[in-house]
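What follows is a short report on a single structure.
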Amino acid sequence: MTGRRPYRRPAAAAADERGLTLIEFTMAAAVAGVMFLVLYSILNFALESYKVGQLRSTAVQAGRAVLNRIVTALRSAEDIYLADDDQILILRPIETSDPLALPEDRFRQDQVGYLYSAATGRLDRYLGTLGFDTFLDEIAAFSLNYRDSFYNLLAVPVADVQRIKFIEVALTLQEEDFQITLRNLVVLDNPVNVP
């Protein structure tokens, strides 16, 4: 009687069925961990950059709005009472919106002032009828430079405010760990007389 030989699989097939060893599994987990760490770092950097961009955008928008209001008030100034490097007091016309007001009462004048306090980092606005109110917080610096009709810098406090023809306004905002500086040059509406 001839015996049957047991079936033997080829060597390649036997190697495919043996599975993962502990070393192979550990290496695969380490490579996957490194890949996830790199992806997390990239995502975290992108989110932090977006957050900083949003903060800067918000600060710039608030600063521009404040600077535009200051520039508009200074541009329409009829008289300047006080001109210092961090404060100014002007007289400007204000139109009343009361439709029942007499024609001579429709236009009046009001004092407007801006005062910066470095100790508090706050810019206050003075309205003659309402007094002081906080105009903007978190300011690192606020400065006013005054120039004559030849664009020469005037010493502050300005003794002869009638010589002021240009006012340079610089506003530096502090947002967390960065600063943004906004500047504007105001040409006063009063005529500039150049001989």
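Some notes on this structure:
- Estimated FRET transfer efficiency when R0 is 30 angstrom, pair Arg183-Asp133 (beta carbons, to 0.05): 0.80
- Burial order of peptide ranges 21-34, 114-127 (average beta-carbon count within 10 Å, highest first): 114-127, 21-34
- Simple Cβ-charge dipole of region 12-82, Lys/Arg +1 and Asp/Glu -1, about Cα centre, in debye nearest 20: 460
- Where only C-alpha atoms are counted, convex hull volume of region 40-80 per residue in Å³: 40
- Length released on extending from Glu24 to Gln111, taking residue separation times 0.36 nm less the Cα-Cα span: 23.3 nm
Computed from the coordinates by the stated procedures, all read-outs in this text should not be read as laboratory data. Because the structure is a prediction, the values reported are computed rather than measured. With ideal geometry, Cβ positions are generated from the backbone for all residues, glycine too; neighbour counts draw on all protein chains shown.
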